[in-house]
1. Restricting the search to segment 213-246, which residues are over 27 Å from R466 (Cβ atoms) and touching a residue at least 40 places away in the same chain (Cβ under 8 Å)?
2. Residues that are touching a strand residue (DSSP E or B) at 6+ places or on another chain (Cβ under 9 Å), among the basic types (K, R) and either open to solvent by 20 Å² or more (accessible area, probe 1.4 Å) or at negative phi (or both): does segment 422-440 have at least one?
3. Looking only at segment 493-510, which residues are open to solvent by 50 Å² or more (accessible area, probe 1.4 Å) and either touching a His at 6+ places or on another chain (Cβ under 9 Å) or touching a residue at least 24 places away in the same chain (Cβ under 8 Å) (or both)?
4. Those residues that are surrounded by 15 or more Cβ atoms within 10 Å (Cβ to Cβ) and not in a helix (DSSP H, G or I), I need them from segment 470-491; list them, please.
5. Just need a number here: residues in segment 36-92 that are open to solvent by less than 20 Å² (accessible area, probe 1.4 Å), among the aliphatic types (A, V, I, L, M) and not in a strand (DSSP E or B).
6. Which numbered condition in (1) open to solvent by less than 30 Å² (accessible area, probe 1.4 Å); (2) modelled with pLDDT of 85 or more; (3) out of contact with any helix residue (DSSP H, G or I) (no Cβ under 6 Å at 6 or more places or on another chain) is the only one that H172 fails?
7. Could you list, in sequence order, all residues of segment 223-233 that are of a type outside the set (A, V, I, L, M) and either open to solvent by 60 Å² or more (accessible area, probe 1.4 Å) or touching a helix residue (DSSP H, G or I) at 6+ places or on another chain (Cβ under 6 Å) (or both)?
8. Inside segment 134-147, can you point out the residues that are farther than 12 Å from L118 by Cβ and touching a strand residue (DSSP E or B) at 6+ places or on another chain (Cβ under 6 Å)?
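The values are calculated or read from the model by the stated rules, or taken from the named source; none is laboratory data. Owing to the predicted nature of the structure, the values given are computational and were not obtained by experimental measurement. As a convention, Cβ positions derive from the backbone with ideal geometry for all residues, glycine included, and neighbour counts pool all protein chains shown. Quick note on the areas: whole protein, heavy atoms, side chains included, nothing else; ligands and nucleic acids left out. Shrake-Rupley method; radii C 1.70, N 1.55, O 1.52, S 1.80 Å.
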Amino acid sequence: MKNNPNDIKKLLTIFGALLLLNFAGHFFFKRFDLTSDQRYSLSDTSLNIIKEVKEPLYIDVYLEGNFPGEFKKLKTETQSLLDEFKAYNSNIIVQFVNPLEKEEEREAIMQSFLERGLIPLNVTVDDKGKQTQEVVFPWAVITYNDKNTKVPLLKNMMGASTAEKVVSSVQHLEYAFANALNTVVKTKEKKVAIIKGNGEFNDLLIADFLKSVRENYYIAPVTLDSVSSNPNGTLKHLKTYDLAVITKPTEAFTDEEKQVLDQFIINGGKTIWLLDQVNMDMDSLYTETGSNLAFPRDLNLNDMLFKYGVRIKPDLVKDIQAAPIALATGKQGNATQYTQYPWLFSPAVYPDANHSIVSNLDVLKFEFANPIELLNNDIKKTVLLHSSKYSKPVGAPVEVSLNMVGDRPAQKDFPPASGNISLAVLLEGKFHSVYENRVLPFKEPSFISIGKRNKMIVISDGDVIRNQYDKDFQPLELGYDKWTNTMYANKEFLLNCVNYLLDDNGLINIRNKDIDLPILDKEKVYENYTFSQIITVGVPIVLLAVFGFVFTWLRKRKYSK
């Protein structure tokens, strides 16, 4: 058979084109995301962090084993996302591990995981009516050089089904992994000051917050006691920090201390205010009478906050949508029996603001919160958290008693017009000094009356940042209530606040990613189980058989002539 020169020429042309495309592929890289919600398209922030990985980075994902369909979906989405990470940087090495694969080492491994804070879940696997219990570790661990951090893969959502938790978790995955990579890859730069000297929380009560912030930022206490003797030196020292956190002060600030904080803000320092304008907390109710008087607390900050654009009223917020408290109601044998009651002075706050700080957050717990009033000025104000529409302010002084758990509030006593009370507000803009056109408490040559663009967050409850502790005085995770065994989103909210105020590379904005994740309806699957099997298994076999029969018949007809 004679070769056609044109055929040889075409073959060489195709071969050359393929070589050229392969060569060009080493210099040009492009991936295409054909999903409607662009779920596999990484943000520029994630890509920038991934590029910083210069040495092998190991990601161990503990989502391997016999799981319900929802967890298999979580595993699939996690794997797809990490495949994108690997595609952009070959130094990223991912492996999915079943930590409980070896039955003889099960107890020891579970204990080691618990010590590392990797809390497991007990899930029920339902296979056509047969139920079995499985332990799931919805965690990943990232290791880079001598640093490592854990990544929660399943978000806690109070009252949500597993399927709803998975959908929320998938939306959170890119932020969770990008934030973890940022923690282990990048060196610390920003500095956080914890303000002391006015009766703020001691370190034990905010230990988990301090520990969590320390992973990404330098953090240290800054006391204002030295203001009385050296206000200029204190201000100069505070200016070396990027963020100041004021955690539930109980003593009034002097004018000199206020000027130090004011000039820190005017010069670009970020702040998180956690303030109580009413003197009341749960510890003061655990007495023989079970009651105490709530009265206004004067912190001498009203004029300062007023100048910035808000006012915290000396009232208590009472909310029908309340978090429970556990009270001893008797004994069962030698053990004390506790009963949970809704506590109307602990609003259970469900975030609904369209902002990256609170996007995709679960419920938060407040205690004896105060209303925040927004004032008219040039500062942009964004309400991050508010009470439910069935809430109202209660003026102080007022007696508060644990016997109030027996009250049955009527909905008519909580008119919608009094609800939706602001509890956490983000302020952004050019702040004016509270001492603008006023006599300064102390002379400061570098005094500025109008600052550059800045931002702060005001929260009208100091207990939002408070963690509980166990019987050995070891701090528990922020947001965990040991009395009701409930996990609230206080920690995630506060860390988001810190990240938003200090984040220059836009990491927090990844939280706004919206993913439409379809989940199978189990009830419909079980109702139509036989029909589904016929469609998914039987129909393809029938089609394949018909195709084979037709193909064979046509070949016989063609070649039998």
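1. P231, N232, L235, T240
2. In the first step, residues of segment 422-440 are kept if they are touching a strand residue (DSSP E or B) at 6+ places or on another chain (Cβ under 9 Å); the result is 422-433, 436.
Next cut, among the basic types (K, R) only: 430.
Keeping just the survivors that are either open to solvent by 20 Å² or more (accessible area, probe 1.4 Å) or at negative phi (or both) gives 430.
Yes, segment 422-440 contains a residue that is touching a strand residue (DSSP E or B) at 6+ places or on another chain (Cβ under 9 Å), among the basic types (K, R) and either open to solvent by 20 Å² or more (accessible area, probe 1.4 Å) or at negative phi (or both).
3. N505, N509
4. Start the filter on segment 470-491 by keeping residues that are surrounded by 15 or more Cβ atoms within 10 Å (Cβ to Cβ), which leaves 475, 477-481, 484, 486-491.
Within segment 470-491, P475, E477, L478, G479, Y480, D481, T484, T486, M487, Y488, A489 qualify.
5. 7
6. (2)
7. Going through segment 223-233, the residues of a type outside the set (A, V, I, L, M) turn out to be 223, 225-226, 228-233.
Those that are of a type outside the set (A, V, I, L, M) and either open to solvent by 60 Å² or more (accessible area, probe 1.4 Å) or touching a helix residue (DSSP H, G or I) at 6+ places or on another chain (Cβ under 6 Å) (or both): T223, D225, S226, S228, S229, N230, P231, N232.
8. Within segment 134-147, the first condition is being farther than 12 Å from L118 by Cβ, and the residues that meet it are 134, 142-147.
Passing the criteria: E134, I142, T143, Y144.
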